[in-house]
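Everything on this sheet refers to the single structure shown next.
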Amino acid sequence: MNETRSSGDTVAKAVDALRAGQLVILPTETVYGLGADASNAEAVAAIFEAKGRPRFNPLIAHVADAVAAESFAVFDDRARRLAEAFWPGPLTIVAPVRDRNGVSDLARAGLDSVAIRVPGHAKARDVIAAFGGAVVAPSANRSGRPSPTTFADAVEETGASAGAVIDGGPCAVGVESTVVSILGGQVSLLRPGCVTREELEAVVGPLASKPEDGHRSPGRMALHYAPDAPVRINVTEPKEGELLLGFGQGIGDERWSLSPSGNLKEAAANLFRMLREADRTRPVGIAVSPIPANGLGEAINDRLKRAAGFVG
C-alpha cells in the first residue's frame, strides 16, 4: 500500500470523486466495493477496466433507502416485504428496471432488470445519500479473486484506480449479499448470502427455482473468489504442503480456523480474509474443512466451490 492510501478519505471527498466520474472504494457490511456513479457509463466502464471484469456480468446498484430503490426499480408487494424485512442489509433484489438512465445500460449488462440494495454499513449510506444517486459497487478486487473484507486488502487490490477511499473497518458479514429475483411474480434465489433461504421463505413463502435468471446476478462464474494457490474443499486430511483452514473444535491449527467453535457467522466473516492470508504464505495449496450446508453454510459453500473452480 502506498503512503497516500494508508488512511481513508472523507465522505465529502468520496462524493466529489463520484460526481467527477471517478471510482471510490466503499465499505459495506458484506465486502468492500469499488463504486461509481451508476448513471455515468464512462465511470462504470472504468470499474470493468480496473477489475478486469467481463461486461456481461451486471453490477449491483446501491441506494440510500427503499424509497430511492423504487425510483430505479419496479417493486411488487413481495419486493416491498423483503425490503422492509432486510434493508438496510445484505440483500439484493433483482426487479424490472424503472429508470434506465439512473442505472446505465452498461451497469445492467444490457438487461431489462436492475439489481439493487440498501447497504447496512452507515458510511456507505452516508456517501450514497450525500451523492444523491445510485452507486454501483462490485467487490473491490481484481475479477476472480477473493473479495476484500478489510480496508488494506481493498486498497491493495484496486486502490490505484480510486479517486477516494473510505475506511469502514473490517466487514461484519464477510460474504457478498444474497441476491433474489422477483421477476415474473415469483421470488427465486440467484445467489446465497447472509440472508438465508430459510429467512427469505419466512417472509415470502417457498422460493421458485429459475436457473435461467442466473445471468441477472453477479458472482455466478464457475471460477471466482479464487486465491493464487489451488483450493480443495471438504478436506479432512490435508496433503503435504497444504495449509488447512479448519472449522470446528479441534480441527487443524486454531490460528487458521475459520471458526474454532463451529459458528457459521464467524466463518463467513473470516472466509475471504483467511483465504488471502493463507495465500500470502505461498502454500502448495489451501485445503478447507467441511462446512455444514444449512443456513449461512449454503453461502460459504457456494463461495468455496467457486474458489475451487467446482460448481456442482
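Listed values, structure above:
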item	result
Where only C-alpha atoms are counted, convex hull volume of the range 104-209 per residue in Å³	142 Å³
Radius 9 Å from Cβ of D167, net charge of other residues (Lys, Arg +1; Asp, Glu -1)	0
Between 0 and 90°, nearest 10: helix 122-131 axis offset from the chain longest Cα axis	30 degrees
Proximal lysine pairs, the chain, alpha carbons under 21 Å, eight or more residues apart or interchain	4
Whole-Hz couplings from phi, Karplus 6.51/-1.76/1.60, listed for the range 72-78; x for Gly and Pro	10, 9, 8, 9, 9, 4, 5
Amide H contacts under 5 Å for R191, placed H, 5+ residues apart	V179
Sum of side-chain charges, D105 neighbourhood, beta-carbon under 11 Å (Lys, Arg +1; Asp, Glu -1)	+2
Whole-angstrom gap from the range 46-83 to the range 113-142, using each part's C-alpha centre	9 Å
Kirkwood hydrodynamic radius (C-alpha pairs) into Stokes-Einstein, the range 273-312, 25 °C and 0.890 mPa s, D in µm²/s	220 µm²/s
Per-bin percent of Cα-Cα distances, the chain [10 Å]	7, 29, 36, 22, 6, 0
25 °C / 0.890 mPa s Stokes-Einstein diffusion coefficient of the range 1-119, Kirkwood radius on C-alpha pairs, µm²/s	163 µm²/s
Where chymotrypsin sites (Phe, Trp or Tyr not before Pro) in DSSP loops with at most 16 other Cβ within 10 Å are excluded, longest remaining stretch of the chain	57-309
Rg ratio (alpha-carbon, reference 2.2 N^0.38 Å) - the range 219-312	0.96
Extent along principal axes [Cα atoms of the range 93-132; Å; largest to smallest]	30, 18, 15
Paired Rg and Dmax values of the range 175-284, which use every Cα atom, in angstrom	17.0, 52
Highest average packing first - 61-68, 187-194, Cβ atoms within 10 Å	187-194, 61-68
Net charge of neighbours whose Cβ lies under 13 Å from the Cβ of T196, counting Lys and Arg as +1 and Asp and Glu as -1	-2
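No lab work stands behind these numbers, since they all come straight from the coordinates. On a predicted model such as this, the values are computed, not experimentally measured, just so you know. Glycine also receives a Cβ, built like all others from the backbone with ideal geometry; neighbour counts cover every protein chain displayed.
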